[in-house]
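Visitor: Take a look at the following structure, please.
The values are calculated or read from the model by the stated rules, or taken from the named source; none is laboratory data. Fair warning: this is a prediction, and the values are worked out from it, not measured in the lab. Quick reminder, even Gly has a Cβ in these numbers, built from the backbone with ideal geometry, and neighbours come from all protein chains shown.
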Amino acid sequence: MRRYLTRKLITYVLAFFVGATIDWGIPHLMPGNPVQLYLSKFQLQPGGYAALYKTMSEAFGTSLPLWDQYLHFWSGLVRGDLGVSIYEFPSRVTTLVLDAIPYTLALLVPAIVLSYVLGNRLGAAAARRKSLDNTVLPAGYVLQAVPYPWLALALPYLLGEIWHVFPLSGPYDQTLLPALSWTFISSLLYHWFLPFLTVFLVSLGGWAIGMRNLVIYELENDSSRYMRALGARERLVRRYAYRSASLPQLSGLALALGVVIGGNIVTEIAFHYPGLGLLIYNAIEDEDYFLLQGIFIFIVIGVLLANFIIDLVYISVDPRTRLSMQGASS
Amino acid sequence: MSDTLSGGPAAGSPGEPVVTQVAGAVLPAAAATPPARRRGDFLHYALHNPKLVFGVSFELLFVLAAIFGPLISPHGTAEFFLPHQPPSAQHWMGTDYFGHDVFAQLASGLRLSYLVGALGALCAALVGMTLGFAAGYRGGLLDDVLQMITNIMVMIPSLVLLVVIGAYLKTRGVLFEGVFIGLTTWPWVARAVRAQTFTLRSREFVDLARLSGRRATSIVVRDIAPNMASYLFLVIILLFGSAMLLAASYDFLGLGPTSGISLGTMMNQSMLWSALQLKIWWWFVPPGLVLTGMVAALLIANVGLDEVFNPRLREQ
């Protein structure tokens, strides 16, 4: 157990290190440098270009040797200083990102947790039950095959533009100011629902199908046969099958995180929902590299934290990990 | 212990957690049936499996559409007509905001989707299988290092990585997109292949091959890989589907190929030019619907194949 945890911790530290290095390295290893790219947007006289290039290079530190820049990057990172955004000029990258994070988490966390829990339940219920299987399975495939951007266009078109049940886009009603009032909060929830539904629906099918197949395998397992032979009721056999099937599903959750986060970004952009995804989009549009780098770091940290939580849940769910923690051999 | 935790039958994939279905359990079937009887059985079960037949024939429809679509389309993708016309006899799927023919765009988008999907799947399969076989067969330090790399790769969010890289690349081609998708989706393949190789490694026939002094690569290619061929095949199909979906997301963000029209760029354009508000549904509904169909057919065929390969999954 201890070995397992230290291994995991080393992986986390290394992953963060690699992530941060990629984040720093891509702008520096790509042809051209950020200052050149930035200046190429203006039509400058050659003399003015040279002068501006010199000042800007000194201001952003791009004239320093690479290793020096790398160290500067890390010291800034440790201090939580990710630079100044170009897209919203005087604001710091950190504040922009921190403002956007609540919106992203409000979509992601409920969508991931609910789709996981509900999908697993649905899948387990469908396994080896013909009538339910025949509806859950096809629906699951279709949901799994739906591209995020399409659902993020089709849902608001149907429910917003045609039926006028939900708003098309935005985080809350344009006429409202953020306040702790019931009208504002209900408007927030009202606008939250469709983007949430998009992320939720796409993930749901995969979990259901995965669980269905795993439970089928478990129900055909020798352990299940043994339980039946002992006279255990089918409900009990199923409950045990569900438990063993949860383990691979849980490690699958860690693997699926990256894609769900990507889907969330797409969804936010389609709905104009002001989370990290929309911020990324604006940063691309305005070629705001500092902001892009800052968001990347924050998302890497988020993924690492989520993986850590999944690891902890895994330990609490899988008795074998706890056994070895008490010194039993594995 | 760490094997069962981090590398055990890996479930899920970046694209679709559906992999659980194969990852969990293909093993027993893979090595059980004698090869001679298997071929006949395979055909019998394949032709009698409704899921496989349905999935494959559905997918073939799309492939035919991708091949012949641009040929039968009466208009080219670059021609201009009256803007936002609803579907009619002249424009089978109407025209978009700019007056381009939607059907012509869809047909060429289909080709691009398949191309990117195939490229991505091949790259991911190549990298994932190489690393998975190496880690699973060699074990030891190499295994530790490769697993560490895999675990790190899993945690780097690929879309954001593409954003950062794409921001600096002014022109991106289909090749770049396909290879990028391949190089970011291999980790779950490596994990799954490693876990399977791990269990096959200690079988007698592998020991025998090792005793006879054959080289490691030859043992992997000729003894281990054939025993999980069905599994590898399923993995490639899943990779293919998820690569097409990923490409659609990238294109939707404007990070796809800078020239050419794909299903994702159609959706991107329709969002940018407010197709929703203008109610030009025929602009964004077809590309998504077609992509859903393409991937769903693959998934259904995949599960059908899984049942064919794997007696325990068959309907009772």
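Visitor: So, B:Ser242, is that one under 26 Å from A:His272 (Cα atoms), at pLDDT below 90 and not hydrophobic (A, V, I, L, M, F, W, C) or not?
Guide: Criteria not met by B:Ser242.
Visitor: Okay, next question. Go through the residues of region A:163-181 one by one and say whether even a single one is part of a helix (DSSP H, G or I) and surrounded by fewer than 20 Cβ atoms within 10 Å (Cβ to Cβ).
Guide: No - not one qualifying residue is present in region A:163-181.
Visitor: Another question, then. Without any contact (Cβ under 8 Å) to a residue 24 or more places away in the chain, assigned to a helix (DSSP H, G or I) and not basic (Lys, Arg): which single residue out of A:Leu201, A:Leu197, A:Leu188 fits that description?
Guide: From the options A:Leu201, A:Leu197, A:Leu188, the qualifying one is A:Leu188.
Visitor: Going residue by residue through region A:40-58, is there one that turns out to be within 11 Å of another protein chain (Cβ to nearest Cβ), farther than 30 Å from A:Ile315 by Cα, surrounded by fewer than 16 Cβ atoms within 10 Å (Cβ to Cβ) and among the polar types (S, T, N, Q)?
Guide: Yes: one or more hits.
Visitor: Oh, and also: Could you tell me whether region A:308-320 includes any residue that is touching a helix residue (DSSP H, G or I) at 6+ places or on another chain (Cβ under 9 Å), closer than 30 Å to A:Pro149 by Cα and more than 10 Å from chain B (Cβ to nearest Cβ)?
Guide: The answer is yes; a qualifying residue exists.
Visitor: Only one of (1) modelled with pLDDT under 90; (2) in a helix (DSSP H, G or I); (3) not β-branched (Val, Ile, Thr) fails for A:Gly231. Which number is that?
Guide: Unmet for A:Gly231, out of (1) modelled with pLDDT under 90; (2) in a helix (DSSP H, G or I); (3) not β-branched (Val, Ile, Thr): (2).
Residue-by-condition table, conditions (1) touching a helix residue (DSSP H, G or I) at 6+ places or on another chain (Cβ under 8 Å); (2) touching a residue at least 60 places away in the same chain (Cβ under 8 Å); (3) surrounded by fewer than 18 Cβ atoms within 10 Å (Cβ to Cβ); (4) more than 14 Å from chain A (Cβ to nearest Cβ):
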position	(1), (2), (3), (4)
B:Met148	yes, no, yes, no
B:Trp186	yes, yes, no, no
B:Thr197	yes, yes, no, yes
B:Arg210	yes, no, yes, yes
B:Val221	no, no, yes, yes
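Visitor: Give the number of residues within region A:113-137 that are of a type outside the set (A, V, I, L, M) and surrounded by fewer than 16 Cβ atoms within 10 Å (Cβ to Cβ).
Guide: The number of residues fulfilling the criteria is 6.
Visitor: Could you identify the single residue in B:Leu64, B:Leu82 that is part of a helix (DSSP H, G or I), surrounded by fewer than 21 Cβ atoms within 10 Å (Cβ to Cβ), at pLDDT 50 or above and more than 9 Å from chain A (Cβ to nearest Cβ)? Full working, then the answer.
Guide: Details: B:Leu82 fails: part of a helix (DSSP H, G or I).
None of the others qualify; the one that does is B:Leu64.
Visitor: Still on this structure, I have one more. Could we say that A:Gly61 is on the phi > 0 side of the Ramachandran plot and touching a residue at least 24 places away in the same chain (Cβ under 8 Å) here?
Guide: Against the criterion (on the phi > 0 side of the Ramachandran plot and touching a residue at least 24 places away in the same chain (Cβ under 8 Å)), A:Gly61 does not qualify.
Visitor: Just to be sure I understand, how many residues within region A:253-272 are under 23 Å from A:Gly119 (Cβ atoms) and either more than 9 Å from chain B (Cβ to nearest Cβ) or among the β-branched types (Val, Ile, Thr) (or both)?
Guide: Residues in region A:253-272 being under 23 Å from A:Gly119 (Cβ atoms) and either more than 9 Å from chain B (Cβ to nearest Cβ) or among the β-branched types (Val, Ile, Thr) (or both): 9 in total.
Visitor: Say we look at region B:265-275 and pick out the residues that are buried (at least 22 other Cβ atoms within 10 Å of the Cβ) and without any contact (Cβ under 8 Å) to a residue 40 or more places away in the chain; which of these is farthest from the other protein chains (Cβ to nearest Cβ)?
Guide: Out of the qualifying residues, it is B:Asn268.
Visitor: Sort through A:Val18, A:Val35 and tell me the only one that's closer than 24 Å to A:Leu291 by Cβ, modelled with pLDDT of 75 or more and either at the interface with chain B (Cβ under 10 Å from one of its Cβ atoms) or surrounded by 13 or more Cβ atoms within 10 Å (Cβ to Cβ) (or both).
Guide: Step by step, each of A:Val18, A:Val35 is checked, and only A:Val18 is closer than 24 Å to A:Leu291 by Cβ, modelled with pLDDT of 75 or more and either at the interface with chain B (Cβ under 10 Å from one of its Cβ atoms) or surrounded by 13 or more Cβ atoms within 10 Å (Cβ to Cβ) (or both).
Visitor: Being surrounded by 12 or more Cβ atoms within 10 Å (Cβ to Cβ) and in a helix (DSSP H, G or I) is the filter here, so list the residues in region A:210-222 that pass it.
Guide: So in region A:210-222, the residues surrounded by 12 or more Cβ atoms within 10 Å (Cβ to Cβ) come out as A:210-221.
Correct list: A:Gly210, A:Met211, A:Arg212, A:Asn213, A:Leu214, A:Val215, A:Ile216, A:Tyr217, A:Glu218, A:Leu219.
Visitor: Without any contact (Cβ under 8 Å) to a residue 12 or more places away in the chain and of a type in the set (Gly, Ala, Ser): which single residue out of B:Ala124, B:Ala89 fits that description?
Guide: So the residue among B:Ala124, B:Ala89 that is without any contact (Cβ under 8 Å) to a residue 12 or more places away in the chain and of a type in the set (Gly, Ala, Ser) is B:Ala89.
Visitor: State the number of residues belonging to region A:283-300 that are part of a helix (DSSP H, G or I), surrounded by fewer than 17 Cβ atoms within 10 Å (Cβ to Cβ) and more than 10 Å from chain B (Cβ to nearest Cβ).
Guide: So the answer is 0.
Visitor: Let me ask something else. Given the criterion more than 23 Å from the chain's Cα centre (by Cα) and of a type in the set (Gly, Ala, Ser), identify the matching residue among B:Gly55, B:Gly99, B:Gly109.
Guide: Sole residue among the options that is more than 23 Å from the chain's Cα centre (by Cα) and of a type in the set (Gly, Ala, Ser): B:Gly99.
Visitor: I need the full set of residues from region B:243-260 which are on the phi < 0 side of the Ramachandran plot, touching a Leu at 6+ places or on another chain (Cβ under 8 Å) and not aliphatic (A, V, I, L, M), in order please.
Guide: Scanning region B:243-260 gives B:Ser249, B:Tyr250, B:Asp251, B:Pro257.
Visitor: Looking at B:Arg203, is it surrounded by fewer than 21 Cβ atoms within 10 Å (Cβ to Cβ), more than 12 Å from chain A (Cβ to nearest Cβ) and more than 30 Å from B:Ala66 (Cβ to Cβ)?
Guide: Yes: the conditions hold for B:Arg203.
Visitor: When you go through A:Ala245, A:Ala241, A:Ala232 one by one, which is the residue that is of a type in the set (A, V, I, L, M), surrounded by fewer than 20 Cβ atoms within 10 Å (Cβ to Cβ), more than 29 Å from B:Asn268 (Cα to Cα) and more than 7 Å from chain B (Cβ to nearest Cβ)?
Guide: None of the others qualify; the one that does is A:Ala232.
Visitor: Let me ask you something else. Check B:Phe309, B:Phe233, B:Phe284 and return the single one that is surrounded by 22 or more Cβ atoms within 10 Å (Cβ to Cβ), within 21 Å of the chain's Cα centre (by Cα) and at pLDDT below 90.
Guide: Criteria check complete, one pass: B:Phe309.
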